[in-house]
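Following: one structure in structure tokens, then a few remarks.
The values are calculated or read from the model by the stated rules, or taken from the named source; none is laboratory data. From a predicted model like this one, the values you see are computed outputs, not experimental measurements. Here the Cβ is made from the backbone with ideal geometry for all residues, glycine too, and neighbour counts use every protein chain on show. Surface areas here come from the heavy atoms of the whole protein model, side chains and all, with no ligands, DNA or RNA. Shrake-Rupley method; radii C 1.70, N 1.55, O 1.52, S 1.80 Å.
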Amino acid sequence: MKKSVKDVDVRGKRVLVREDLNVPLDKATNEITDDRRIQAAVPTVKYLAEQGARVIIVSHLGRPKDGPTDKLRLAPVGKRLSELLGLPVKCVSDSIGPEVEAAALALKDGEILLLENVRFYKEEEKNDPEFAKKLARLAEIFVNDAFGTAHRAHASTEGVAHTLPAVSGFLLQKELDVLGGALSDPKRPFVAILGGAKVADKIGVIKNLLTKVDSLVIGGGMAFTFLKAQGKEIGKSLLDAEGLDLAKQMLADAQSRGVALELPVDVVVADAFSNDANRKVVSADDIPADWQGLDIGPKTIERFSEVIKAGKTIIWNGPMGVFEFANFAEGTRAVARAMAEVHGTTIVGGGDSAAAVEQLGFAGKMTHISTGGGASLEFIEGKALPGVVALQDK
């Protein structure tokens with residue numbers, strides 16, 4: 001168990017808070033198109049300000065390649081954060097250096113300062129110790145509230161924790177509590193749903209889940225690799241050739257452990273990778289040679305929905321089809337709908353699944369939607385997250 005902001009006295013202290021304010025921006029207008037990550041940061045920042053801390057927020061935005069980039073400056077984020085907090089948020093034009101140190105020292109109790117995009121410095125992602133020390137120099141306490149980057153050992157997520165007393169924020173703590181609770185002591189039946197493209201990308205996740213779940217539901221592009229591993233012809237459907245042997249191994253492992261591994265029994269196939277392609281429903285045993293599977297079919301939806309609704313703990317990561325195409329989004333929509341009807345704990349593991357749930361209007365029906373796609377996957381896989389390991393234990 002890690003210490004949280006409630007375990008330390010922050011009044012009058014300068015507190016460096018790592019938030020994940022990496023929000024999508026409109027390419028033409030540079031306006032924020034989805035502020036959920038900013039909303040998620042509000043509870044910790046507001047609590048610290050109300051407790052009389054002098055709050056210094058550090059975050060990244062996008063993937064700047066060659067230093068400062070005007071379109072990736074954090075000023076629009078600061079403006080939106082201020083609106084959501086109902087408090088002023090001061091912005092500075094850098095994340096380290098004399099000007100920033102002066103601004104940090106000038107803060108009064110309850111005031112909030114937002115540093116410039118920390119990834120303008122290559123030293124951030126390299127976890128450069130000297131850069132971490134320059135960040136740490138700004139404050140007396142470090143709070144990591146950025147679950148979405150906790151799987152990265154960067155200067156602002158892991159490096160500073162070796163210099164300052166380091167604790168978790170409310171968002172990070174909630175992610176650890178909900179995901180950790182589901183994995184360590186789930187109410188059963190425990191069902192995991194995995195989608196996405198490559199088996200190889202999720203092999204560690206599958207291996208770990210097979211030791212914990214009662215049912216493992218597999219859809220999306222990687223389902224075709226499993227179907228191929230069963231000896232079925234999959235036409236031009238996505239095949240992860242590197243993951244084929246792994247899929248065979250997982251099928252055998254599931255059987256030996258008594259885990260019900262659910263695969264599509266029918267699929268929606270198309271004659272091209274396009275929303276407007278000709279499409280039809282076929283049995284998973286009868287995919288035409290020149291067609292490709294782009295979604296799960298109605299019988300599969302019915303079966304997957306039954307398994308999901310019977311569950312008491314459900315974790316979902318990865319869409320069931322090419323949900324960006326309206327004509328191939330029904331499988332993903334059906335899984336979201338089934339999860340919304342579960343009388344138990346429903347966890348959506350970030351990334352495309354979270355986007356799909358929001359887009360399809362089911363977000364309010366879920367117990368928890370993770371803010372970190374990659375971080376939640378690594379956590380489910382059983383990996384230690386550097387940004388969490390570095391925090392102080394209770």
Number of positions in segment 120-139 that are open to solvent by 70 Å² or more (accessible area, probe 1.4 Å) and in contact with a strand residue (DSSP E or B) (Cβ under 9 Å, 6 or more places away or on another chain): 0
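Kindly establish whether S93 is surrounded by fewer than 23 Cβ atoms within 10 Å (Cβ to Cβ), in contact (Cβ under 8 Å) with a residue 12 or more places away in the chain and hydroxyl-bearing (S, T, Y). Before you say what the answer is, go through the steps one by one.
On the way: surrounded by fewer than 23 Cβ atoms within 10 Å (Cβ to Cβ): yes; in contact (Cβ under 8 Å) with a residue 12 or more places away in the chain: yes; hydroxyl-bearing (S, T, Y): yes.
Yes: the conditions hold for S93.
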Residue satisfying all of: in segment 355-373; small (G, A, S) and open to solvent by 10 Å² or more (accessible area, probe 1.4 Å); nearest to the chain's Cα centre (by Cα) among these: G373
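Matching residues to (1) hydroxyl-bearing (S, T, Y); (2) surrounded by 15 or more Cβ atoms within 10 Å (Cβ to Cβ):
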residue: V23; (1), (2): no, yes
residue: T33; (1), (2): yes, no
residue: L48; (1), (2): no, yes
residue: Q51; (1), (2): no, yes
residue: S59; (1), (2): yes, yes
residue: G67; (1), (2): no, no
residue: D70; (1), (2): no, no
residue: L74; (1), (2): no, yes
residue: G78; (1), (2): no, yes
Residue list for segment 258-283, restricted to those being surrounded by 14 or more Cβ atoms within 10 Å (Cβ to Cβ) and either hydroxyl-bearing (S, T, Y) or within 19 Å of V307 (Cα to Cα) (or both): V259, A260, L261, E262, L263, P264, V265, D266, V267, S274
Any pair with Cβ under 6 angstrom, 6 or more apart, that starts in segment 47-64 at a residue that is under 25 Å from D9 (Cβ atoms) and at pLDDT 95 or above and ends at one that is assigned to a strand (DSSP E or B) and of a type in the set (D, E, K, R): R54/R14; V58/R18
Residue count, segment 98-119 (criterion: open to solvent by less than 20 Å² (accessible area, probe 1.4 Å) and either of a type outside the set (S, T, N, Q) or in contact with a strand residue (DSSP E or B) (Cβ under 8 Å, 6 or more places away or on another chain) (or both)): 9
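Working only within segment 77-115, note down all residues that are among the basic types (K, R) and either under 18 Å from L135 (Cβ atoms) or in a loop (DSSP other than H, G, I, E, B) (or both). Can you show your working first?
Start the filter on segment 77-115 by keeping residues that are among the basic types (K, R), which leaves 79-80, 90, 108.
Once the filter is applied, which keeps residues that are among the basic types (K, R) and either under 18 Å from L135 (Cβ atoms) or in a loop (DSSP other than H, G, I, E, B) (or both), segment 77-115 yields K90, K108.
Which of the helices (runs of 4 or more DSSP H) contained wholly in segment 294-363 include at least 1 residues that are touching an Asp or Glu at 6+ places or on another chain (Cβ under 7 Å) and within 17 Å of V268 (Cα to Cα)? Give the derivation first.
On the way: elements: 298-309, 330-340, 351-360.
Hits in segment 294-363: 298-309, 330-340.
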Residue that is farthest from T345 (Cα to Cα) [pool: residues in segment 144-183 that are of a type in the set (S, T, Y) and open to solvent by less than 20 Å² (accessible area, probe 1.4 Å)]: S156
Failed criterion for G243 (all others in (1) open to solvent by 10 Å² or more (accessible area, probe 1.4 Å); (2) in a helix (DSSP H, G or I); (3) more than 21 Å from F304 (Cα to Cα); (4) small (G, A, S) hold): (1)
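Go over the candidates S156, S237 one by one and state the one that is touching a residue at least 12 places away in the same chain (Cβ under 8 Å), touching a strand residue (DSSP E or B) at 6+ places or on another chain (Cβ under 6 Å) and part of a helix (DSSP H, G or I).
Among S156, S237, only S156 is touching a residue at least 12 places away in the same chain (Cβ under 8 Å), touching a strand residue (DSSP E or B) at 6+ places or on another chain (Cβ under 6 Å) and part of a helix (DSSP H, G or I).
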Output for segment 374-393, where each listed residue is crowded, with 19+ Cβ neighbours inside 10 Å, of a type in the set (G, A, S) and not in a loop (DSSP other than H, G, I, E, B): A375, S376, G387
